[in-house]
Every structure is written in structure tokens, then in C-alpha cells.
1. Within the bounds of the range 66-85, is there any residue that is at pLDDT below 95, over 16 Å from Arg104 (Cβ atoms) and among the aromatic types (Phe, Trp, Tyr)?
2. Report, by residue number, each residue of the range 28-58 that is within 26 Å of Arg81 (Cα to Cα) and among the aromatic types (Phe, Trp, Tyr).
3. Asp89 - would you say it is out of contact with any Gly (no Cβ under 9 Å at 6 or more places or on another chain), surrounded by fewer than 17 Cβ atoms within 10 Å (Cβ to Cβ), more than 27 Å from Val2 (Cβ to Cβ) and at pLDDT below 95?
4. Is one or more of the residues making up the range 5-16 more than 22 Å from Asp107 (Cα to Cα), modelled with pLDDT of 95 or more and touching a strand residue (DSSP E or B) at 6+ places or on another chain (Cβ under 7 Å)?
5. Look through the range 4-35, keep the residues that are touching a Phe, Trp or Tyr at 6+ places or on another chain (Cβ under 9 Å) and not in a strand (DSSP E or B), and return whichever of them is surrounded by the fewest Cβ atoms within 10 Å (Cβ to Cβ).
6. Looking at the range 44-89, which of its residues are among the hydrophobic types (A, V, I, L, M, F, W, C) and more than 23 Å from Phe20 (Cβ to Cβ)?
7. Scanning for something of a type in the set (Lys, Arg) and either part of a helix (DSSP H, G or I) or touching a Gly at 6+ places or on another chain (Cβ under 9 Å) (or both), does the range 42-49 turn up at least one residue?
8. With respect to the numbered conditions (1) surrounded by 12 or more Cβ atoms within 10 Å (Cβ to Cβ); (2) more than 26 Å from Lys108 (Cβ to Cβ), which one is the sole condition not fulfilled by Lys38?
Amino acid sequence: MVNKVFLIGRLGKDPVIKHFQNDNAIAEFPLATSESYKDREGKWVEITDWHNVKLPNKFMAERAEKYLKKGSQIFVEGKIRTRNYDDKDGNKRYITEIVVESFRMLDKRADGGSSSEGGSSYSESTTPEDTAGAGSSVEDDLPF
């Protein structure tokens, strides 16, 4: 079984960073994706979906805080997670979110970095020491 999602969209708000006592942090933000099609009358219709996105570690949260803002266009790769909780009235509530394993900034960064052809990529397993290899290919390891 596979649980994998790829999204390209724009941030609906600046990332919210939550810091924890164990020196970890997460970032959360809404991400808008959209698609367009022509309806039966030939008019273009655009559908926008909103996704709750979570960057689950300190390294990615710090990069989001530094580089991402409302309107930033990014590519995310991750997993769909649904969790539940009881609200203050005791009703069970559900939230579905995208837990990011890696992300790439697609528009120009504030520090003059490039766009989608060379934008920076950050993944859950990436540490500050090995960021240079974050975009390396593993095609040679594939058995087909």
C-alpha cells in the first residue's frame, strides 16, 4: 500500500511555527491548489482546493520561516494523515493534513535564489550538513 501525495500550490498564509520544549519545531500553513477546465458552455472554470500542510521537523520549519510567505509557490511531497480529537463540547472532530517529507520553493526567493529550475529543496531526512545533496538523483539505484 502507498500513501504518497505531490502538490504544487501557493501558501494561503505565512507559516505558523510552533516550538517545543525538546528543541523541536513544526510549521503549518494552508496550501491552495487549483485546476481549470472548460464547462459544457465552453467557459473556463477554476476549482481551488485547500490543504492543511505540516512540516514535521525543526530543520524544515526553520527553512519555511526563513523563505516562505503568503503567496509563495511550492512543490511538496508527503503523506496524507487524518487525525481526530474531541472538541470542547465532547464532539469528535477530524482533520486531514499533508505531512511533508520534502518541499521545493518554485518562485524566486528573497535572497535572489533561482526559480523552479534551481530552487532549493528540503526534505525530512536532510540536515544542515547535507543540504548540498538534497536535490541529487537516485535514478541509478532503481531496478528498472
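The values are calculated or read from the model by the stated rules, or taken from the named source; none is laboratory data. Source: prediction; values computed, not measured. Neighbour counts are summed over all protein chains in view; Cβ atoms, including those assigned to glycine, are modelled from backbone coordinates with ideal geometry.
1. For the range 66-85, residues at pLDDT below 95, over 16 Å from Arg104 (Cβ atoms) and among the aromatic types (Phe, Trp, Tyr): present.
2. Phe29, Trp50
3. On the way: out of contact with any Gly (no Cβ under 9 Å at 6 or more places or on another chain): yes; surrounded by fewer than 17 Cβ atoms within 10 Å (Cβ to Cβ): yes; more than 27 Å from Val2 (Cβ to Cβ): yes; at pLDDT below 95: no.
Here the answer is no, as Asp89 does not meet what is asked.
4. Looking only at the range 5-16, we keep the residues that are more than 22 Å from Asp107 (Cα to Cα), and these are none.
The answer is no; no qualifying residue exists.
5. Checked the range 4-35; the qualifying residue surrounded by the fewest Cβ atoms within 10 Å (Cβ to Cβ) is Lys13.
6. In the first step, residues of the range 44-89 are kept if they are among the hydrophobic types (A, V, I, L, M, F, W, C); the result is 44-45, 47, 50, 53, 55, 59-61, 64, 68, 74-76, 80.
Hits for the range 44-89 are Trp44, Val45, Ile47, Trp50, Ile74, Phe75, Ile80.
7. As a first pass, look at the range 42-49 and keep what is of a type in the set (Lys, Arg): 43.
If we keep only those that are either part of a helix (DSSP H, G or I) or touching a Gly at 6+ places or on another chain (Cβ under 9 Å) (or both) as well, we get none.
No - not one qualifying residue is present in the range 42-49.
8. It fails just one condition, (1).
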